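Here's the structure we're looking at; comments come further down.
The values are calculated or read from the model by the stated rules, or taken from the named source; none is laboratory data. Here the structure is a predicted model, which means the values were calculated and not measured. Heads up, the Cβs are rebuilt from the backbone with ideal geometry, glycines too, and the neighbour counts pull from every protein chain shown. The area values use the complete protein model at the heavy-atom level, side chains included, leaving out ligands, DNA and RNA. Shrake-Rupley method; radii C 1.70, N 1.55, O 1.52, S 1.80 Å.
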Amino acid sequence: MNLVTTFLIVETFISLACTGGEHAATVTHPLPAAFSDLLPHFLVEPDDVYIVKNKPVTLTCRSTPATQIYFKCNGEWVHQDQHLIERDVDPATGLPVMQVKIDISRQQVEKIFGLDDYWCQCVAWSTTGTQKSQKAYVRIAYLRKNFEEEPLGKEVALDQEVLLRCHPPEGVPPAEVEWQRNEELIDPKTDPNFFITVDHNLIIKQARLADTGNYTCVAKNIVARRKSSSATVIVYVDGGWSEWSKWSPCGADCTMWKSRECTQPTPSTGGKECQGLDLQSLNCTSEQCPQTASGAEDVALYVGIVAVALCLTLLLIVLVLVYRRKKEGLDADVADSSILTTGFQPMGIKPTKPGVWAPRRAARSKNSHLLTIQPDLTSTTTSYQGTLRSRHEVTGKFSVSNGPLLEPLPNGSHTLHNGKLPSDPNDFMNRLSSQTYFKTLPRDNVNTSYGTFNFLGGRLTLPNTGISLLIPPEAIPRGKIYEIYLTIQKKEDMRLPLAGCQTLLSSVVSCGPPGVMLTRPVILSMDHCSDACLENWTIRLKKQSYEGMWEDVLQLGEEVVSEPYYCQLEAETCRVFTEQLGRFALVGESLSMAASKRLKLLLFAPAYCSTLEYNIRVYCMDDTQDLLKEVMQMERQLGGRLIDEPHVLLFKDSYHNLRLSIHDMPQAHWRSKLLASYQEIPFYHIWSGSQRTLHCTFTLERQSLSTCDLTCTLCVWQVEGEGQSFTLDFNISKDIRPLDSDFLLMDNCTPALAGPSAFQIPYLIRQKICSSLDTPCPNGADWRLLGQRLKLDR
């Protein structure tokens, strides 16, 4: 007995034992002697299949010559009772033919974890040996609802090439894509002016007037069919001149004319009017002129005009000379004005426009203004001459009357000049990126500030981000001049190694160049999104090394005096004191499920909607100003507008997902295309902080284009946690509510300031304060007591 026969007997015995032996009589069929040495071959092999919704799929296998045939799925034999076996004999050869079928359910596929795919394979026996079929993979078919990239509307000139992008939703099998214009299918075979690329983008080779319309990207597979938001393409025609007409006959005023019209082509659909004159004149010669203008009256007229012009010119010269002399006198007086007035001018808060709401942020630390005071930029030159006088002692305040602070300043004039930095951004970025360490520095002038500084110090600010770098006087050694930059690194480009309950609490901020020598710490300020309850967190400051590795350089609350780093955490802002420039980020690790992150919830919708569908995008992002700015800029490019005031949600480390739902819509006019009762964002997608602009889209459909009033309630809540709701009631075509996103970005500070203008307190006053508080006093009027009173003594 050979090895193959032994294997066949063992397999037969196992299958009989599994079925109790009831099929023993039909297991084997003897082969004709002439074919007893043939191996089985497959007439039909199982193919890859997809499970649609909950409908089972059937796998089929057919082999000859075969005495037995069974399925294996994921390496395990399928029970014989689950096989449907049919036996036949090939009339031409007399060989036995066996066919087997099995059904695979969705539940069977979903039970398999940790494998790439669920697969099955057919095994056939003959008296000579066995053969295995190809593997058939069984996958659950699906098609996500949201497009990864939707087409955007455009206005293009006639004959210009148009590119509309589309990235279909994720699906199995991958979705096929087709394009529609005004709900009609686009077929590039019948209209070669259209071309669909392999990555599903639509190209209009030469825009025609007839190509104006609403374009929709349609994705479909065996499960579902999805439609993107419509993109409106407007093809406009700029006007063009016709030829000039012939010159007219010479008129009585010795002038002849010619004209032209803007009709080749006539401007349409928003195109530009023709540039230039449509009427031109020319003086006639004396021979062509019917009346020759001559005589003493004309000569007198010309002489009078010339005389008036000369008088006006002389008068203008006299006025300029008088103004310049007065200005020189004023400049001399400015140097004697008070330097103190600029140092202690009351802080002005720009009022919002009537009827316009401003963003509401949580109350900051009572002492946060000490580090966030903006410099007074109302004058370019200030000076002081005089003395300081003591104010009456206030009850409850400590006295500094015995210190040198109230001694008179020296007589004389002290002039300080503001320093706005006019350096060329492109030149600076080119020099910076040529260095080896800065190969990864993005060439993004929008999110980068830079300047040249010396020992006088200064300030770099990224407007509307809450990120700034303060360089104190004497931080840069005397005799040194540094070109310093400040920039935001996008989290998608800078992956921090996070594990366990860790989460990114701030943006990744770079300041440099690294390696420069500083004689005292600079202060890097950036927003964070923690709830600032330190008993619930372990917060660490991370810094990227020259090798690209992220290292813990500080744990909040466990700072060491000898280390070059210190961190002051306020309600929404983190102040990092560092003697080394580099790339920093704030990472938190929750100590309990009570730890929370602040999420900013923003609602956007199209500013203009010409279709029945209306999309509302809900952003759920970390509550930091730089992310708010990024979303505002992105929505402005998408043609979106803010439709309600932003809300803040505390998202706890409870492993529960975030849910979003829409309610209370007038069913007679609107309906939601959401199949489920709510949408859900997984917990880790939010807690990791790695997805900067996380959002969900609610697609609504109105019954007719005349329906414009929308009322509904949109709810966002964490399962078993906190929630927020938005009550919407507005007209989508005539929405005049002042919710323009520009009002959320009101920081118009100068990105770079050098020298004394970067600081609120003038240099001489700062010197007096320091000399007064540096010396320990018997009554405790020194820096230690001031720190205790301001709760900054840690």
Worksheet item: Would you list SER126, SER610 from the most to the least accessible area, probe 1.4 Å?
Response: SER610, SER126
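Using a 1.4 angstrom probe on the protein heavy atoms only, could you order VAL100, VAL516 from most to least accessible area?
Working: VAL100 0, VAL516 35 Å².
Sorted descending by solvent-accessible area, the residues read VAL516, VAL100.
Tell me, what does the Kirkwood hydrodynamic radius of the range 615-687 come to in angstroms if you use every pair of distinct C-alpha atoms? Kindly include the intermediate steps, with their values, before the conclusion.
Numbers: mean 1/r = 0.0678 Å⁻¹.
Over the range 615-687, the inverse of the mean reciprocal pair distance is 14.7 Å.
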Fill in: Cα-projected label distance for ASP187 with HIS663, points at 7 Å along beta-carbon direction, nm
4.9
Fill in: Built amide H within the under 5 Å cut-off of LEU95, gap 5+
ASP90
Response to the item:
Extension length gain for HIS41 and SER706 (0.36 nm per residue less Cα distance), in nm, is 232.7 nm
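If I take R0 = 22 Å and measure r between the Cβ atoms of SER610 and ALA157 in this structure, what FRET efficiency does the formula 1/(1 + (r/R0)^6) give, to the nearest 0.05? Walk me through the numbers before you get to the answer.
Numbers: r = 21 Å, r/R0 = 0.96.
Computed FRET efficiency for SER610 and ALA157: 0.55.
Averaged per residue, what accessible surface does the range 143-236 expose to a 1.4 Å probe, in Å²?
Details: 4960 Å² over 94 residues.
On a per-residue basis, 53 Å².
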Practice prompt. Eight or more residues apart or on different chains, and alpha-carbon atoms under 18 Å: count the Lys pairs in the range 448-590 matching that.
Written response: 4
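When all alpha-carbon pairs of the range 171-211 are counted, what percent fall beyond 16 Å?
Details: 316 of 820 pairs.
Pairs farther apart than 16 Å: 39 percent.
Over the range 603-731, give the accessible area per residue in Å² for a 1.4 Å probe, as an integer.
Details: 5350 Å² over 129 residues.
Heavy-atom accessible area per residue stands at 41 Å².
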Fill in: Three semi-axes of the equivalent ellipsoid, the range 143-236, Cα gyration tensor, whole Å, largest first
24, 13, 11
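At a 1.4 Å probe, what is the % contribution of carbon and sulfur to the accessible area of the range 603-731? Don't jump to the answer; show the numbers that get you there.
Working: 2650 of 5350 Å².
C and S atoms contribute 49 percent here.
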Worksheet item: Cα extents of the range 603-731 along the three principal axes, largest first, in whole Å?
Response: 45, 32, 21
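Output the direction-averaged projected area (hull surface divided by four) of the convex hull of the alpha-carbon atoms of the range 41-140, in nm².
Values: hull surface 26.4 nm².
With every direction weighted equally, the projected area is 6.6 nm².
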Practice prompt. With a 10 Å radius around each residue's Cβ, average the other Cβ atoms per peptide and rank 592-602, 51-61, 178-188, highest first.
Written response: 592-602, 51-61, 178-188
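Provide the net charge surrounding GLY213, with neighbours chosen by a C-beta distance below 14 Å and charges set as Lys +1, Arg +1, Asp -1, Glu -1. Before the final figure, lay out each step's value.
On the way: positive: LYS154, ARG181, ARG208; negative: GLU155, GLU183, GLU184, ASP191, ASP211.
Here the charged neighbours net out to -2.
Using a 1.4 angstrom probe on heavy atoms only, work out the carbon and sulfur share of the accessible area of the range 41-140 in %.
Taking all protein chains in place, the range 41-140 shows 47 percent carbon and sulfur surface.
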Worksheet item: Across the range 143-236, how many lysine pairs separated by 8 or more positions, or lying on different chains, have Cα atoms within less than 18 Å?
Response: 4
Discussion item. Not counting ligands, DNA or RNA, and with a 1.4 Å probe, what is LYS154's accessible surface area in Å² rounded to the nearest 10?
Written reply: 80
Worksheet item: Hey, if you drop one equal point scatterer on each alpha-carbon of the range 570-666 and run the Debye formula without solvent, what base-10 log of I(q)/I(0) do you get at q = 0.11, 0.21 Å⁻¹?
Response: -0.50, -1.20
